[in-house]
1. Out of GLY98, GLY64, GLY35, GLY22, report the one residue that is at pLDDT below 85 and of a type outside the set (D, E, K, R).
2. In segment 265-300, what residues are more than 23 Å from the chain's Cα centre (by Cα) and more than 19 Å from SER78 (Cβ to Cβ)?
3. How many residues are more than 25 Å from ALA163 (Cβ to Cβ), in a helix (DSSP H, G or I) and open to solvent by 10 Å² or more (accessible area, probe 1.4 Å) when one looks only at segment 121-135?
4. Of all residues being outside any loop (DSSP other than H, G, I, E, B) and of a type in the set (S, T, N, Q) in segment 345-387, which is modelled with the highest pLDDT? Just the residue, please.
5. Before we move on, is TYR310 on the phi < 0 side of the Ramachandran plot, touching a residue at least 24 places away in the same chain (Cβ under 8 Å) and in contact with a His (Cβ under 7 Å, 6 or more places away or on another chain)?
6. Just checking, which of SER380, SER395, SER356 is within 30 Å of ARG139 (Cβ to Cβ) and over 23 Å from the mean Cα position of the chain (by Cα)?
7. Has segment 170-181 got at least one residue that is hydroxyl-bearing (Ser, Thr, Tyr), outside any helix (DSSP H, G or I), open to solvent by 30 Å² or more (accessible area, probe 1.4 Å) and at pLDDT below 70?
8. For VAL239, are the conditions met, namely being among the hydrophobic types (A, V, I, L, M, F, W, C) and assigned to a helix (DSSP H, G or I)?
Amino acid sequence: MYEIESKGGAIACMILSLMFLGTWPALLTMLERRGRLPQHTYLDYSITNLLAAVFIALTFGQIGDSKPGKPNFFTQLSQDNWPCVMFAMVGGIFLSIGNLSTQYAWAYVGLSVTEVVTSSITVVIGTTFNYFLDNRINRAEILFTGVGCFLIAVLLGSAVHSANAADNEAKLNSLPSNYKDGIGDKETSAPNGTFSNGGETKDFEKAKFGTASFLIELEHRRSIKVFGKSTLLGLIITVFAGVCFSLFSPSFNLATNDQWHTLKEGVPHLVVYTAFFYFSMSCFVIAIILNIGFLYRPVLDSPRSSFKAYINDWNGRHWALLAGILCGFGNGLQFMGGQAAGYAAADAVQALPLVSTFWGVILFGEYRRSSKKTYILLVSMLVMFVVAVGVLMASSGHRKG
């Protein structure tokens, strides 16, 4: 199997993982804003997410001959390693539920703020767990300085959200009351150019990013209606997702390093590729079960659908499939880097809001035409995230043996 043996290689894996994991949420958010049902999107995403894990296992997991204590993927499938397999599968369940929750949080809270809050909870809880599970191979004085930077960024992110919400409210209040009639009405037909009327068209006239007209137009065509809904619900979903994310990495850590000594004597630890395969299998199974259920019993007032409707829904499917590939390879690279440098340092990829915020501004026009206060807070948040990811990467050690 292929093994990362240098700190530089581990950091390269983290950087690539950061880019991939920061991009796929933007693709799913784009589809929801265009009117595609989140149940359909997540089912497509789950398929390629699993295929990415299978590809990694069959290639990187099979390169070269098996070594003592480090068997190849196929060799390890027949070994008595079920205690660690269960840890890997539990981690996959946490990740699947967390990802499923965030696709609704993105609609209620926004892409940038959702990613900031969930990532920061992951760092604070998950990184602390991983530090002790990794026998403190990361330098504590640097590692927890990075955690502190993330906490500061959370506060700044909350301030950004508050300032931007006030800006949007002021924009909507500036409109005549008759222009705002029908906001949040679920029966309002989507304008041309959205997926909900049978496909994208070229004649859709977009309102300018950041204007009140744009906000109203977005509400009319998106699949999850948010106007008039409590933002507290979105924040609760976001915090729940962050707690799930904070637990999947320590579970994977236990699966590959067996710190609790659950394996029988002489049985080698799960290699990262085998653990990732089982991790992704459980992630896939939970996603399929929950989303097929949500087709017929949707949550949060989402439109009802059917499995037949999902099969026939090809609008935007290629974007959902691409999102699954990016997430699958992003998680795989994170775990490969974590095996070499320590999972606490690999949690530096939780600075993915840097990437997500970039896509949020470019693709969705977030923070366009906002106040000077919002822009200052946004830049401050991004700068703090840059500092945080650099500090966490600087704390990385090297796992011995």
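The values are calculated or read from the model by the stated rules, or taken from the named source; none is laboratory data. In this text, all values refer to a predicted model and were calculated from it rather than measured experimentally. Cβ placement follows ideal geometry from the backbone for every residue including glycine, while neighbour counts extend to all protein chains displayed. Just the protein is used for accessible areas: all its heavy atoms, side chains included, with ligands, DNA and RNA removed. Shrake-Rupley method; radii C 1.70, N 1.55, O 1.52, S 1.80 Å.
1. Answer to the selection: GLY64.
2. Across segment 265-300, the qualifying residues are TYR296, ARG297.
3. The total comes to 6.
4. Among residues in segment 345-387 that are outside any loop (DSSP other than H, G, I, E, B) and of a type in the set (S, T, N, Q), the one modelled with the highest pLDDT is SER380.
5. For TYR310, the condition - on the phi < 0 side of the Ramachandran plot, touching a residue at least 24 places away in the same chain (Cβ under 8 Å) and in contact with a His (Cβ under 7 Å, 6 or more places away or on another chain) - is met.
6. SER395
7. Within segment 170-181 (the criterion being hydroxyl-bearing (Ser, Thr, Tyr), outside any helix (DSSP H, G or I), open to solvent by 30 Å² or more (accessible area, probe 1.4 Å) and at pLDDT below 70), the answer is yes, since at least one residue qualifies.
8. yes
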